[in-house]
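Below is one structure, written out as structure tokens, with a few remarks after it.
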Amino acid sequence: MRIRISPSLLAADFSNLRGDLEKVQNADLIHLDVMDGTYVPNISFGLPVIKAVKRTCSVPLDVHLMIERPERYLEEFAAVGPEILTVHYEASTHLQRTLQRIRELGIKAGVALNPHTPLEGLKYVLEDLDVIMIMTVNPGFGGQKFIPSMLDKIRDCRELIGDAPIEIQVDGGVSLDNMAILLEAGATNFVAGSAIFGAENPQAYIENMRSIGGQG
Ligand code: DX5
Ligand code: ZN
């Protein structure tokens, strides 16, 4: 499976979003972290910002909903036209229904798992999924340190999905320093915020990540 790089806009300069988006036009996706202050102890941005990003940017959007009961807002987020809409396993009581609805809306369905959340439940919804996001930090903030025990979880996830056409996305503390081991463990989709936007040349940083994936 082709590897994909998804810069997280949370680490961009919010007073100059257009300028920062221009620096990552060579990315495969733009990652948008929506935080509600309840599911995670932080509030980020919501629909108006995502709509504005959609208007100024031609890179497909990858929306990560860190909100309680995300099923309440699927139609509104889908209407913006992202490629992927990801909900948290822990935040959606009727997960299978939520995933089905996302797909009905014509969007790829993603599920994110907090570091302590086991993979097991996913076994029964694999057919309803396009992306599994393994959180490699506790969600809520950018710039945190990657949790090394998540490497085993990525390997287990790879084993669980076998040849199914599902992307394994990693989110949190991802950088050029750990990209090779993440790739080796089985990740195919790499979210990185502070590493990319903190780089002197974000575009070159993305190309370097790609070349580690053998696709430079
Ligand atoms: C954390 C978010 C991440 C975050 C990653 O809750 O889901 O997407 O922006 O930031 P870095 O790459 O700086 O860890
Ligand atoms: Zn995220």
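Coordinate-derived values only; no laboratory data. On a predicted model such as this, the values are computed, not experimentally measured, just so you know. Cβ coordinates were reconstructed from backbone atoms using ideal geometry, including for glycine residues, and neighbour counts include every protein chain displayed.
I need the shape label for the range 13-89. Rule: rounded when a/c is under 1.5, else prolate if a/b > b/c, else oblate, with a, b, c from the alpha carbon gyration tensor. The shape class here is prolate.
Taken one residue at a time, the phi angles of the range 136-146 give Karplus couplings (6.51, -1.76, 1.60, θ = phi - 60°) of 9, 9, 6, x, x, 8, x, x, 8, 7, 4 Hz. Gly and Pro are set to x.
Here is how the number arises for the chain: DSSP H runs of 4 or more residues each give -39500 (n - 2.57), the sum is divided by the residue count, and the result at 222 nm is -8500 deg cm²/dmol.
The distance between label points at Ala52 and Asp156 comes to 4.1 nm (points 7 Å beyond Cα on the Cα→Cβ vector).
Taking amide H as placed 1.01 Å from N in the peptide plane, the amide H of Met133 sits under 5 Å from that of Val111, Ala112, Leu113, Gln169, each at least 5 places away or on another chain.
Amide H to amide H distances under 5 Å link Ile5 with Asp28, Leu29, Phe190, where only residues 5 or more positions off or on other chains count and H is placed in the peptide plane. When you restrict to C-alpha pairs under 8 Å that are six or more residues apart and normalise by the size of the chain, the relative contact order lands at 22 percent.
Each part gets one Cα centre, and for the range 128-146 versus the range 45-105 those centres are 15 Å apart. When the Gaussian network model of the chain links Cα atoms closer than 10 Å, the mean-square fluctuations of Asp152, Asp163, Asp171 top out at Asp163. Each residue of the range 106-117 is assigned a 3J(HN,Hα), and the resulting list reads x, 10, 5, 9, x, 10, 9, 10, 5, x, 8, 7 Hz, derived from the Karplus form 6.51 cos²θ - 1.76 cosθ + 1.60 (θ = phi - 60°), x at Gly and Pro.
Taking the chain as the region of interest, the number of lysine pairs whose Cα atoms are within less than 22 Å, with members eight or more places apart or on different chains, is 7.
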